[in-house]
Each structure stands twice: as structure tokens, then as C-alpha cells.
Amino acid sequence: MRCPYLYDWQPAHELAKRAGAAGLAQLRHLYRSPDDGQLVAMDSRSRRFEGGLARFIRLRDQVCRTPWCDTPIRHIDHPEPVADDGETSARNGQGLCEDCNYAKQAVGWSVEVLHDRPHTA
């Protein structure tokens, strides 16, 4: 299947959201030359939690890890963002419900990682 070029933010965002939820896509950063717009680099590591790692996190967390939220897990997220050198690993993975995952990006919200405390479901 050939992927069309998408210039409008909303359709591209919706397409990526649907494809990611279905396990059909991975997000990667592409870098273009400012001179001629040619592709010059691409992220080489996956940002998605897949396979055994995704199953492990879903079994470990069971419900959303936001305090006092017992909603079933819909997303697996990086508490330490990949953009800040957070790795895609069990240690830097958390199961969240859809609402909490989107809400944590809102102004005034933050995530604190406490690696010295074991997770309990």
C-alpha cells in the first residue's frame, strides 16, 4: 500500500493514531536538509512497546498507573520521554488508560519517575 503525502496536521494525526492503535505503524523522526528538503536522517530505534515487552507491562501494571485510576490499560507510555533520552524498556514503561495518557501532556501536569520504589498492582 502506498502512503499518500499528508500536509494537513489533523488528517496525519488521525491516520497515525488509528494505525498505531491497530499495531500497523511506528512513529519515527525524519530529518530533512534545510537547503533542498531531501531526507538526510531517520531515528533508528523503535519508540513502540511491542511483543513480549508490551505483554509484560500489561501483566505487571494491569490497570492505569495514574494514582486512584483503576481504568483498564489502553496505552503503554514512556514516563521519561524518548525526546529526553528515555528508553523503550520495562523500567521506562507504564500502562495508562487513554484519558490519563493524553491528560499528562496538559499544562500543569507532570510525571515523576521513582525507580527506587517497586511497582505494585
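The values are calculated or read from the model by the stated rules, or taken from the named source; none is laboratory data. In this text the structure is predicted, and so the values were computed from the model without any measurement. Cβ sites come from the backbone with ideal geometry, for glycine too, and all protein chains shown count toward neighbours.
If only residues of the stretch 61-89 that are within 20 Å of Gly51 (Cβ to Cβ) and small (Gly, Ala, Ser) are counted, the one that is surrounded by the fewest Cβ atoms within 10 Å (Cβ to Cβ) is Ser89. With respect to the conditions (1) surrounded by fewer than 17 Cβ atoms within 10 Å (Cβ to Cβ); (2) within 20 Å of Gly52 (Cβ to Cβ), Asn92 lacks only one, and its number is (1). Taking the numbered list (1) under 23 Å from Lys17 (Cα atoms); (2) at pLDDT 85 or above; (3) in a loop (DSSP other than H, G, I, E, B) in turn, Asn101 passes all entries but (3).
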